[in-house]
Amino acid sequence: MIRVILRRIPMALLVALTVSILGFALLRLSGDLVRELAGDTAGPEQLAEVARAYGLDKPLPIQYLNWLWDLLRGDFGTSLFTGEAVSSLIATRAGPTIILALASLVVAVAIGVPLGVLAAANPNTFTDRLIAVVAVFGQAVPNFWFGLVMLVIFAVKLKWLPVAGDDTAAHFVLPVITLALSIMPQFVRVTRSGVLDAMGADYIRTARSKGIPTRRLYMRHALRNAILPVVSLSAVTLGFLLGGSVIVESVFSINGLGLLAYSSILSNDFPVVQAIVVIVSIVYVFLTLLSDAVNAWIDPRLRG
């Protein structure tokens with residue numbers, strides 16, 4: 001398992017470096033940052049002063065290397081909009097996003113995997129088709145629409161749950177359900193496909209001929225091999241949720257990383273945007289490495 005991780009570390013570092021370069025370049029080329037910082041009425045002298053103050057008068061490669069060096073020392077810079085240290089700003093916003101992402105993933109896996117096994121155990125039946133309809137519904141319904149509907153019903157009309165915020169566990173119930181519904185169909189399909197493939201394998205037929213109960217075949221033998229793509233999908237999905245939950249955070253007024261990234265883009269607060277892009281990318285790469293290690297632990301054939 002350690003060999004698997006060591007083999008993948010160089011590629012992971014290359015991916016993280018490439019993403020940092022692309023993120024840095026795209027933000028620098030997206031507009032006249034000096035003009036944005038100095039204001040529309042600034043003269044040439046003011047523009048030059050602002051450029052020197054933020055290091056924007058240097059060539060792009062030098063700017064990138066300076067930024068990367070600061071990044072390696074844990075210095076993400078200062079927010080241009082609030083004046084706070086970017087690291088402090090992100091630290092205060094990361095908590096709600098991590099809670100939302102992890103809870104949504106747990107709910108999606110806890111519901112999606114059993115439904116996938118149930119569908120695979122009853123292929124081409126009413127149960128299989130009903131689960132497929134539920135999965136299609138979850139995939140097709142936009143996050144913001146489903147979130148708003150639940151907000152109106154359970155928070156505004158019935159008053160069972162708070163309308164917005166992230167102060168208590170009750171505030172996360174509706175957003176977690178909203179996100180879980182959108183990612184659950186992927187786990188249903190991956191699990192169903194994996195279990196069906198596993199049930200056609202020779203070792204399953206041998207186990208069946210020995211009289212092993214069908215339930216045990218599905219849960220202990222077929223699911224063990226079908227779980228590998230579920231682990232990989234979980235890592236990818238968690239990485240996506242950490243950086244892509246801006247719509248749900250906006251609907252439910254959760255002060256997380258997604259909402260911070262969105263507001264920073266609108267205000268051209270490029271130090272914050274750069275930091276979020278790099279942090280989410282590094283977490284994404286780490287999760288991919290972790291999923292490879294877990295898969296190698298589950299299936300020894302992947303350790304070679």
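Computed from the coordinates by the stated procedures, all read-outs in this text should not be read as laboratory data. Everything numeric in this text was worked out from a predicted model, so none of it was measured. Cβ coordinates were reconstructed from backbone atoms using ideal geometry, including for glycine residues, and neighbour counts include every protein chain displayed.
General observations
- Choice from Gly165, Gly55, Gly116 with maximal GNM fluctuation in the chain (Cα, 10 Å cutoff): Gly55
- For region 178-286, the alpha-carbon radius of gyration amounts to 1.55 times the rule-of-thumb value 2.2 N^0.38 Å expected for a compact globular protein.
- Percentage relative contact order, the chain, counting C-alpha pairs under 8 Å, at least six apart: 28 percent
- Helical contribution to [θ] at 222 nm, DSSP H n ≥ 4, -39,500 (n - 2.57), averaged over the chain, rounded to 500: -24500 deg cm²/dmol
- Packing, as the average of other Cβ atoms within 10 Å across residues, places the peptides 268-278, 209-219 in the order 268-278, 209-219, highest first.
- Along the axis of the charge dipole computed for region 94-303 (Cβ charges of +1 for Lys and Arg, -1 for Asp and Glu, origin at the Cα centre), the listed residues Met199, Val272, Leu181 are led at the positive end by Met199.
- Expressed per residue, the C-alpha convex hull volume of the chain stands at 163 Å³.
- The chain: DSSP helices with Cα axial extent of at least 24 Å and average Kyte-Doolittle hydropathy no lower than -1.0: 2-29, 86-121, 170-199, 223-244, 270-298
- Between Glu84 and Leu130, the simple label model (points 7 Å from Cα in the Cβ direction) yields a spacing of 4.8 nm.
- Extension gain for Lys159 to Ile62 (0.36 nm times residue separation, less C-alpha to C-alpha distance): 29.4 nm.
- For region 1-99, applying the loop criterion from DSSP together with a ceiling of 14 other beta carbons within 10 Å to the GluC sites (Glu not before Pro) yields Glu84.
- Taking the average, over residues, of other Cβ atoms within 10 Å as the packing measure, peptides 148-157, 87-96 rank 87-96, 148-157 from highest down.
- Electrostatic bookkeeping for Ala226 treats Lys and Arg as +1 and Asp and Glu as -1; over the other residues with beta carbon under 14 Å from its beta carbon, the sum is +2.
- Centroid-to-centroid separation of region 216-265 and region 96-110 [C-alpha atoms, Å]: 7 Å
- For the chain, built as a Gaussian network whose Cα springs stay under 10 Å, the top-fluctuating residue of Leu105, Leu72, Leu161: Leu72
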